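Here the structure is laid out as structure tokens; the discussion comes afterwards.
The values are calculated or read from the model by the stated rules, or taken from the named source; none is laboratory data. Keep in mind the model is a prediction, meaning the values are calculated, not measured. When we count neighbours, we look across all protein chains shown, and the Cβ atoms used for this are built from the backbone with ideal geometry, even at glycine.
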Amino acid sequence: MPSILARIAVLLLATLPLLGQEARRALTWAPDGVHLVDASGKWLLPPDLAPTEPKEVPAEDKPKEPAAASPQARLTAALKEVAVTLTRASFEPKSRGTTLPRTPGYTPAAMVSAGGHSGIAWAGEDLWAWIEGSAPKKIRTGVKELRHLDLNPDGSAASYLIEHNLYWADLATGKETALSTDASEQMFIGELDWVYQEEVYGRSNFRGSWWSPSSTHLAYLRIDESEVAEFVLVDPTSQRGRVERLRYPKAGDGNPKATLHIASRKSGKNTAVDLSRYRAEDQILIVRVGFDQKGGRAVFMIQDREQTWLDLVAADPETGAIQVLIQEKSRAWVNVLADPRWLADGSFLWESERTGYKHLYHYEADGKLRTAITQGEWQVKDILEIREKEQEILFKATADGAINDNTYRVGLNGEGLVRLTKGPGRNSVTWNGDRSFYLCASQSLTEAPRQWLCKADGTVVRDFGEIQGRRPRAETGGAKTELLTIPARDGYPLDAIVVQPGPATPDKKWPIFIETYSGPDAPTVANRPGADGGAGRYSEAGILWLAVNVRSASGRGQCHTDRCYLQFGVQELKDLEDAVDFVVKERGGDPARVGITGFSYGGFMAAYALTHSKKFSLGIAGGGVYDWKLYDTIYTERYMKTPANNAEGYEKSSCVAAAKDLHGHLLMIHGGMDDNVHAQNLYQFADALQRANRSFEMMVYPRARHGIGTRHYQDLVWRTVKEKL
């Protein structure tokens with residue numbers, strides 16, 4: 001006779017297929033990393049999924065550890081011993097989300113090391129250092145402004161900026177050393193200017209210094225802005241107006257000049273990295289800075305002004321001598337690439353788009369290629385995990401569709417490529433303790449969430465069917481959501497989402513409304529729940545909602561993205577027109593009522609569509625660049641070169657130059673204090689439209705920057721759509 005446990009297991013196995021017939025809660029891994037936990041809290045043991053009871057550890061056998069104070073609490077307590085109030089100290093940045101450089105207080109005012117054994121705090125106007133076992137030491141007083149506070153990895157020193165100059169302090173002694181004395185309004189030291197943070201290191205990331213893993217060296221940039229023209233923003237909402245002056249290089253203007261320096265705590269040297277091999281006419285950009293795995297070399301990336309090549313360079317931190325490890329080139333531009341991933345033996349993984357698709361390569365420490373790990377007409381999106389002991393990598397890639405999100409595994413030698421995820425759309429993988437099994441969950445735009453239990457090699461043990469999660473949009477009132485590919489005029493397959501209000505008839509055609517961005521490698525369409533955005537409101541109003549990935553925003557690889565090179569808007573508009581033609585012919589769209597909207601690059605595309613095509617009757621353009629000579633150097637010249645080197649392309653891509661050709665109703669919306677895409681774009685375009693005697697509307701939000709999102713803005717867009725479509 002089978003045991004009771006075996007009979008329960010048989011019953012469970014018999015009912016598991018039924019679980020897929022209705023949504024239920026997802027299974028999760030138990031705390032022991034061995035069992036699964038179902039919705040009722042029952043523990044199940046893979047692979048047979050026989051129910052078991054969790055083994056309880058007797059309370060008396062559980063280790064009793066005293067509750068340790070948090071590192072922040074320990075630092076606070078240490079400082080209170082010397083009667084220092086922490087009313088101004090904070091472990092969170094005092095200012096978030098700003099896109100303006102040198103914003104006061106853009107730094108945590110207190111930091112502690114990873115182990116909680118040292119720290120630094122700015123309290124009142126005093127700067128204090130603390131090492132466990134010693135009394136806090138005052139580094140300096142009278143500190144009215146502190147920025148970019150940063151501890152080195154071992155917690156022995158901190159770097160920071162005071163009144164534009166860069167310092168570091170030894171936390172054991174409290175001794176402070178100035179690494180610069182010549183900072184000014186035009187000289188940025190250890191921090192980034194506007195264009196470097198916006199277009200290279202990441203929006204709102206203004207810190208321009210980097211500690212080595214060994215904690216012995218600090219690399220930092222010096223950025224000379226003396227040749228960068230000033231742009232003035234005016235807020236007219238106050239009595240006499242408020243002025244902001246910002247150094248902002250527009251396409252073709254003088255760029256900031258960056259140099260790289262490395263300070264050594266061991267030798268006391270402050271060394272300039274030797275960049276003399278690069279020609280003055282290269283007008284180089286320093287686009288990434290870091291160190292190798294032990295901190296023995298600074299490793300950074302250099303590009304020419306128009307970003308047609310990229311060098312990965314290593315520098316001796318004591319002498320500044322350099323060695324070029326890799327040079328990347330392209331038929332168009334070279335994107336800033338991910339930092340090298342260093343392995344224990346000193347070799348590294350490198351992501352390159354040299355084939356037109358981003359793939360992984362394994363290099364020796366000296367830059368000699370060991371092997372190409374991945375290859376094919378698809379690209380790696382993100383490295384998730386490097387498992388050196390197992391000699392394998394887990395990563396996300398587009399091998400099974402750019403709009404999907406799949407995880408793969410491959411050996412460091414390039415062999416044994418396996419897709420681990422199972423469903424369409426967005427997938428996640430969670431492992432058990434010894435990584436012998438994993439749970440895969442998927443969600444997509446048009447299919448219900450599902451879950452699988454799989455062996456480590458990818459073999460499916462059990463398909464659990466539907467689970468609870470965000471459900472696909474229900475087809476109500478005849479509305480239908482489709483994820484499909486639309487053939488462009490040359491046959492190129494465009495990923496698209498169509499939400500059709502109801503069946504079309506000869507007497508009933510639907511107005512069409514497109515929401516787009518369409519900027520380089522920035523897809524609008526993705527196979528995930530909610531990717532149809534606010535389409536529900538449009539379908540309820542009897543409007544066909546359309547989103548489409550133009551080829552340069554398809555996410556399929558650099559050889560697709562570079563179709564926009566030197567001619568912003570030209571190919572993108574053709575692809576959007578072809579999508580409109582498709583829904584007119586196949587989904588009952590009305591060719592006389594086609595609207596388009598977008599913000600930033602999408603705002604440019606909305607205005608470009610109305611000035612370069614007759615297919616659109618309504619455009620709502622938010623925060624758009626209406627002439628690319630008005631946008632910044634690093635972004636614009638990457639794709640368009642300088643105006644001197646591509647005058648024809650700038651003319652083709654200008655809405656201002658084509659103002660006389662405006663077709664349909666245009667509403668332009670802009671933030672008056674937009675420091676990114678200046679309201680100058682709106683004013684120059686409006687002036688050109690007025691001089692051409694074209695009718696349009698505009699709305700300025702006087703205090704808004706780049707991104708508005710207010711209720712007034714949302715109501716304005718919706719009201720315009722209903723009135724004009």
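Structure notes:
- Taking region 621-665 as the range and being free of Cβ contacts under 8 Å to residues at least 60 places away in the same chain, closer than 22 Å to GLN690 by Cα and of a type in the set (D, E, K, R) as the test, the residues that pass are ASP627, GLU651, LYS660, ASP661.
- Whichever residue in region 12-52 is under 23 Å from ALA448 (Cβ atoms) and among the charged types (D, E, K, R) and, among such residues, is modelled with the highest pLDDT: ASP38
- Here region 658-716 is the region considered, the condition is being among the acidic types (Asp, Glu) and not in a loop (DSSP other than H, G, I, E, B), and the residue that is farthest from TYR631 (Cα to Cα) is ASP715.
- Residue in region 451-460 that is surrounded by the fewest Cβ atoms within 10 Å (Cβ to Cβ), counting only those that are free of Cβ contacts under 8 Å to residues at least 60 places away in the same chain and part of a strand (DSSP E or B): VAL460
- Enumeration of residues in region 573-610 that are among the small types (Gly, Ala, Ser) and either over 26 Å from ILE669 (Cβ atoms) or part of a helix (DSSP H, G or I) (or both): ALA579, GLY588, GLY602, GLY603, ALA606, ALA607, ALA609
- For SER442, the conditions (1) in contact with a Lys or Arg (Cβ under 7 Å, 6 or more places away or on another chain); (2) farther than 30 Å from ARG563 by Cβ; (3) surrounded by fewer than 21 Cβ atoms within 10 Å (Cβ to Cβ) are fulfilled apart from (3).
- Hits in region 364-375 - residues which are farther than 14 Å from VAL418 by Cα and either surrounded by 13 or more Cβ atoms within 10 Å (Cβ to Cβ) or touching a residue at least 24 places away in the same chain (Cβ under 8 Å) (or both): GLU364, ALA365, ASP366, GLY367, ARG370, THR371, ALA372
- Looking across region 560-581, the residues that are closer than 16 Å to THR611 by Cα and among the polar types (S, T, N, Q) come down to GLN567, GLN571.
- Selection from region 106-124 of residues that are in contact with an Asp or Glu (Cβ under 7 Å, 6 or more places away or on another chain) and closer than 30 Å to ASP675 by Cα: PRO108
- Scanning region 152-192 for residues that are surrounded by 23 or more Cβ atoms within 10 Å (Cβ to Cβ) and of a type in the set (Asp, Glu) yields a count of 1.
- In region 385-396, the residues that are closer than 11 Å to ASN413 by Cα form Cβ pairs under 9 Å with partners that are part of a loop (DSSP other than H, G, I, E, B), at six or more places apart or across chains, as follows: GLN391/LEU412; GLN391/ASN413; GLU392/LEU412; GLU392/GLY416; ILE393/ILE373; ILE393/THR374; ILE393/LEU412.
- Selected residue (criterion: nearest to ALA219 (Cα to Cα)) from residues of region 138-150 that are surrounded by 19 or more Cβ atoms within 10 Å (Cβ to Cβ) and without any contact (Cβ under 8 Å) to a residue 60 or more places away in the chain: LEU149
- Filtered residues of region 461-483 (kept if surrounded by 14 or more Cβ atoms within 10 Å (Cβ to Cβ), under 30 Å from LYS508 (Cα atoms) and of a type in the set (A, V, I, L, M)): ALA479, LEU483
- Within region 491-520, if we keep just the residues that are assigned to a loop (DSSP other than H, G, I, E, B) and in contact with a Lys or Arg (Cβ under 9 Å, 6 or more places away or on another chain), the residue that is modelled with the lowest pLDDT turns out to be ALA504.
- Options GLY477, GLY465: the member that is over 18 Å from ARG528 (Cβ atoms), part of a strand (DSSP E or B), modelled with pLDDT under 95 and not aliphatic (A, V, I, L, M): GLY465
- Restricting attention to region 634-657, the residues being over 21 Å from GLY622 (Cα atoms), polar (S, T, N, Q) and in a helix (DSSP H, G or I) number 1.
- Just one of the listed residues (VAL234, VAL243, VAL228) is of a type in the set (Val, Ile, Thr) and outside any strand (DSSP E or B), and it is VAL228.
- Some residue of region 435-446 being under 26 Å from the mean Cα position of the chain (by Cα), under 25 Å from PRO47 (Cβ atoms) and free of Cβ contacts under 8 Å to residues at least 40 places away in the same chain: yes
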